[in-house]
Amino acid sequence: MLSWKAPGNHVVLGVVLLCAAVPAGAQPAAPAHIPAAPSTGTQPATPAPSPVTRLGDNLFRVGNVRVDLTKREISVPGKVNEAQVLEFIATTQGGFKSYESALELETNAVNFNTALILIGLDKAHAVVPRQHFDPNPPAGDSVEVWVEWEVQGAPRRVRAEQLVYNAETKQTLAEGPWVYTGSTFMADTNAFRAELDGTLIGFVHTPSPLIENPAPLSAGPFGANRLNPNLQLTPGTRVVLTVRALPLTKRQ
C-alpha cells in the first residue's frame with residue numbers, strides 16, 4: 001500500500017480553529033472564499049465542495065483528498081498519464097488538460113482547493129499569471145509537491161520537479177518551492193478556471209492552475225518537456241501526490 005505521509009512537521013495555523021470543534025463524522029462548513037457553483041447557462045456549473053469529514057485528530061477528508069492539519073499537508077491518489085508533451089504536473093480526474101499533464105488525480109479542482117485552504121494557503125497573497133507563458137513569475141504562499149509510487153513493493157518518493165524532463169536541455173525542472181495562486185474565474189461566465197480546464201498544478205505560468213512554479217520560464221523549448229524517462233514511470237502507474245505548506249520563514 002502507498003503511504004499517505006510526507007516528511008516534516010509544521011506549525012498549525014488558525015485554520016485549525018475552523019475544524020477543531022467539529023465532532024467526529026461531522027461536516028464543517030467550508031470557508032467563504034471557496035468557489036461557489038455559479039449558474040452559467042450552457043457552461044457547466046462549478047461543483048460545490050464535498051463535505052469535510054473528520055478522520056481523526058487534525059485529520060480530515062474532502063472527497064478523495066486527505067488533509068493533515070498538523071503537518072499542513074494534503075494527499076490525493078492518482079495515476080500517470082500518457083501525455084507526450086507536458087505543461088502541467090497534475091490535472092483533475094478526466095480533466096480537459098490531462099493530455100499534457102504528467103498525472104491525473106482522483107479529485108476535482110474545488111475539493112483540491114478546499115483542502116489547500118484548510119492547510120492555511122491564502123489567495124490574498126497570490127500574484128496570478130495573466131496569460132499563458134506569462135513572462136512575469138507567479139507568487140503566493142509557498143509549498144512543496146511530492147509524488148510517491150511503488151517499485152517492486154517498495155515506496156519511492158520524488159519531488160514533482162523530477163517528473164519534468166526537457167529532451168533538448170537534458171534537465172529536469174529546478175528544485176524549489178511552488179506557489180499557491182488559487183486559479184481565477186472566467187470574466188464572461190464566472191466559471192472557475194481550474195475546474196473548467198481541470199488544471200491543478202502547472203509550470204508554464206498560466207492563469208488556471210491552483211499551484212504554479214514561480215521559477216523563470218526556461219530558455220529551452222516547452223514542446224520538449226516530457227515525463228522523465230529516468231523514473232521509468234509507465235501510464236497507469238498508481239501514485240499519491242502530496243502538497244505540503246512551507247513555514248512562513250521559508251515563504252519569503
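Some observations on this one:
- The stretch 100-118, subset among the β-branched types (Val, Ile, Thr) and part of a helix (DSSP H, G or I), residue surrounded by the fewest Cβ atoms within 10 Å (Cβ to Cβ): Ile117
- For the stretch 104-127, the count of residues that are more than 14 Å from the chain's Cα centre (by Cα), closer than 15 Å to His205 by Cβ and in contact (Cβ under 8 Å) with a residue 24 or more places away in the chain is at least one.
- Of all residues in the stretch 123-143, those satisfying the criterion of being surrounded by 16 or more Cβ atoms within 10 Å (Cβ to Cβ) and more than 25 Å from Gly78 (Cβ to Cβ) are Asp134, Ala139.
- Counting only strands (runs of 3 or more DSSP E) that sit completely within the stretch 156-229, those holding 2 or more residues that are closer than 20 Å to Glu144 by Cα and at pLDDT 90 or above correspond to 164-166, 178-180, 199-202.
- In the stretch 196-211, the residues that are touching a residue at least 40 places away in the same chain (Cβ under 8 Å) form Cβ pairs under 6 Å with partners that are assigned to a loop (DSSP other than H, G, I, E, B) and of a type in the set (Val, Ile, Thr), at six or more places apart or across chains, as follows: Gly198/Thr92; Pro207/Val128; Pro207/Thr184.
- Of all residues in the stretch 183-197 being surrounded by fewer than 24 Cβ atoms within 10 Å (Cβ to Cβ) and in contact with a Lys or Arg (Cβ under 9 Å, 6 or more places away or on another chain), the one that is farthest from Val110 (Cα to Cα): Met186
- Residue list for the stretch 57-95, restricted to those being within 20 Å of Glu150 (Cα to Cα), in contact with a helix residue (DSSP H, G or I) (Cβ under 6 Å, 6 or more places away or on another chain) and of a type in the set (Val, Ile, Thr): Val65, Ile74, Ile89
- Candidates Phe185, Phe192, filtered to the one that is within 21 Å of the chain's Cα centre (by Cα), over 21 Å from Tyr99 (Cα atoms) and hydrophobic (A, V, I, L, M, F, W, C): Phe185
Per-residue answers, yes or no, for (1) at pLDDT below 95; (2) under 18 Å from Arg238 (Cα atoms); (3) not hydrophobic (A, V, I, L, M, F, W, C):
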position: Thr70; (1), (2), (3): no, no, yes
position: Glu73; (1), (2), (3): no, no, yes
position: Lys79; (1), (2), (3): no, yes, yes
position: Glu82; (1), (2), (3): yes, yes, yes
position: Gly94; (1), (2), (3): yes, yes, yes
position: Leu105; (1), (2), (3): no, yes, no
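- Criterion violated by Gly153 - all others in (1) closer than 18 Å to Glu212 by Cβ; (2) surrounded by fewer than 24 Cβ atoms within 10 Å (Cβ to Cβ) satisfied: (1)
The values are calculated or read from the model by the stated rules, or taken from the named source; none is laboratory data. Treat the numbers as computed from the prediction; the structure is a model and nothing was measured. Don't worry about glycine lacking a Cβ; one is built from the backbone with ideal geometry, like all the others, and counts go over all protein chains shown.
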